[in-house]
Structure formats: structure tokens, C-alpha cells
Amino acid sequence: MTVVVSAVCCYLAGELAGYMLFRAVAGVAVGAVVVAVVATVVRPKVEIDRSVRPDRIERGTAALATLVVRNETSRRQGGFTADDRVGAETRKVWVRPLAPGAEATYHYELPTFRRGRLQAGPLVLNRFDPFGLARGDRTVGSVALLWVYPRLHPARPVRAGHPRHHHDGPVTDPPLRGSADLREVRQYVIGDEVRYLHWKATARTGQLMVRDYADPAQPRFTMVLDTRPGAMSAAVFEEAVEVAASLLYASAMAGQHCRLITPAGLDTPVDSGLRVVRTLLDELCLVAQDAADDAPLVPVVQVTAARPGGVLAMITGPDAEVGVAGRWRPDMVIRLGVPPSSALGRIGAPDAAGAMAAWNALGAR
């Protein structure tokens, strides 16, 4: 804009004073502005493929983004710079000139120091003119998601607690078909037993529906994570998330049916093995201190229901009240942000590493 105004002033001065030099300067300035506009308006004709490997990692683990820039036109593509957005950060990528049909691959490391779901992209192409008078940004390419999980600490899965049934038995995963514990009625998939077809549900929905049974001897583990902001600081909460992730991961991989509950209303489906590990870690990747300070640790509606079977653990802050959740008689209450201590049914620790060390020591005894 300054160059345009200066060009107009020079032209008027040249016309009024009769100086050819001023008019020539005005013409050169206008020509430079036209070149700048053309150079920045024209969008680079490139195809961009993006990938993130791995797409799910623990916090602090290395992850790389790969950009493949391809020139699929019959003309040479000039070089340009691009900004790739990764969460709240920006990575600068310098793309070299590309011959017709050529491609170039670029890598850069992603920030994984903070738990959460990061979006990589889209790519913002930066176009500059030779005189530095204008700049044009264009958004191209798709986006990719990077799930940064909480750090996992070695943990012992617990085999004790209040039994859900009057007997114990072998662990089965997947659950036995034909057990007495009806889990759900779901749509038929190839391989299901035809004898478990639910004819009434089939007639009502118009699709084949089967009864899905679970083995009642399956060990269970329930984790209650305090997400009330007043319960603990943000730094201590991150440690609490690591404790929850470590215990749920160890228990699910040991074949236990796992469940995660928060004061904000999160209540994950109950399942075990690899199929539930990803669900639990995805939830813990996104969990935040989003509950009200005056909310109960466990919603009253859930507390009045039957106590979850198996082992029940609760994670909270130094001085937070368990409240009505105490009716569930938790097997373990873990308080973080306090000096180290451990006793039957209680663990205190300053961080996740200390809490897991105390948990493993109690489990060994």
C-alpha cells in the first residue's frame, strides 16, 4: 500500500512539475506492485501427502511427521516456504524447486512433551515476491492426528478385591459364549453361534441379533479418577493421569475387565485385553479437570447402584474428600502431591513414580 501511494504521489508530482523522472519512478513502482501481486496470487500446484509415525505414543517419545511434496504438472515448480501447524506450534518447511513429475520428502520431529491430541496440518504455503512487497498464504493438504498418551509406569495388576460373583474361575478373553452373564444384545457377525440368536430383537430391528455373553469369572478393575480442579494442581493432575493409565493398562493386558469413571460423567465400557487398552488410553489422552469443584467424586446416581465388582481404586488429591463415593468401599485410595506413605487401602505419594512403587510393593506383599 505504501508503494502504491508513493507511486501516485510521484506521478502527480511529475505531471504538475513536468518532470519525466517522477513519472518514470511511478511507472516502475506500479510495475513492481503488479509483479508482487502476480507472484503471490499464483498458488503452487503441488500435491502434498502427510503421515505421522507413530500416531499414538507415550509422552516424551519421539514421533516424526513426513511430508511428500509432489509436482504433478508438466512445468517446473519454483521453491517456496511452508508453515506446518502442530498443535499450538509451527514448523517451517523449505521446499526446494521441483522438476515436472518430481517429488521431495521432508521430515520433522513433533512436540510430544505434553499429553493430548495434536493436529498436524494443514500446510500453509508462503509465497513472496522478489521485491518483498507482498505475501500470499495458501492452505493445502490434509491433517493428521497425533495421540500423545500419558507416560506408563511398570505396575502389578491386582488379583484381589470384592468378587462380583460367589465363585472364582479361570480368566477367559474373549469371554466364553454360553456363560450365564448376559452382557448385551448386538448385531450378528460371521462366526457367532446361531443358537444364541435373539429372535425378538431380530424381528424388531429387521437384522440378525445375538445375545453376547460374558464369563462371570472374569476379574474386574475399576478406576475412579478425580477431575475436580480443586482436588489437585494441574501438575499433580498429570501425575494422577499417569497412575490411572499405568494401572488400567496393566490390568487390561492381564485379562481384567477394566472401567474408568470420573466426576465429570465419563464412564467407559467394560472390557479387557488389547481391544479396551486403546479406548482407555484415548480417553486418558483427552481427560481434563473439567468437573465442578462441588461435584461428588462419583455421581450419586452411580453410587446408589451396585458396587463395581473386582478391585476398585480411587485417585485424588492431598485433601479432597471422597464423600459419598466411600459407600463403594474402595480397595485403594491413592493421594498424590503428599509425602510418601503406604498402608492397607491407602497410598500417598508426591508423584506417579512414587505411587506406582508403593502400589507394586503392596502387591508383592
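For region 46-114, the calculated P(r), taken from all Cα-Cα distances in 10 Å bins from zero up to the bin holding the longest distance, is 19, 46, 25, 10, 1 percent.
Share of carbon and sulfur in the accessible area of region 306-363 stands at 59%, probe radius 1.4 Å. Sequentially through region 185-201, phi angles give Karplus couplings (6.51, -1.76, 1.60; θ = phi - 60°) of 10, 10, 6, 5, 10, 4, x, 6, 6, 5, 5, 9, 4, 9, 5, 5, 5 Hz, Gly and Pro residues having no value and appearing as x.
Phi angles of region 98-103 translate, via the Karplus equation with coefficients 6.51, -1.76, 1.60 and θ = phi - 60°, into HN-Hα couplings of 10, 6, x, x, 8, 9 Hz per residue; Gly and Pro are given as x.
A full extension of the chain between Glu47 and Leu64 corresponds to an added length of 4.1 nm, given 0.36 nm per residue minus the alpha carbon distance.
Dividing the alpha-carbon radius of gyration of region 257-365 by the rule-of-thumb value 2.2 N^0.38 Å gives 1.09.
Computed from backbone phi with θ = phi - 60° and the Karplus coefficients 6.51, -1.76 and 1.60, the 3J(HN,Hα) list for region 347-353 is 9, x, 7, x, 8, 5, 4 Hz; x is used for glycine and proline.
Once backbone amide H atoms are built at 1.01 Å from N, Leu123 has Val140 as its partners under 5 Å, excluding neighbours fewer than 5 places away on the same chain. With the alpha-carbon atoms of region 273-326 aligned to their principal axes, the span from lowest to highest coordinate is 33, 26, 21 Å, starting with the largest.
Peptides 67-76, 241-250 ranked from most to least packed, by the mean per-residue count of other Cβ atoms within 10 Å: 241-250, 67-76. Across region 313-355, C-alpha contacts under 8 Å between residues 6 or more apart give a mean separation that, scaled by the residue count, equals a relative contact order of 33 percent. Average 1/r across all pairs of distinct alpha carbons in region 189-283, invert it, and you get the Kirkwood radius: 15.6 Å.
Over every Cα atom in region 235-286, the radius of gyration and the widest Cα-Cα span, Dmax, amount to 10.5, 31 Å.
The values are calculated or read from the model by the stated rules, or taken from the named source; none is laboratory data. This structure is a prediction, so every number in the text was calculated from the model and none was measured. Ideal geometry is used to build each Cβ from the backbone, glycine not excepted, and the neighbour counts take in all protein chains shown. All accessible areas refer to the heavy atoms of the entire protein, side chains included, with ligands and DNA or RNA removed. Shrake-Rupley method; radii C 1.70, N 1.55, O 1.52, S 1.80 Å.
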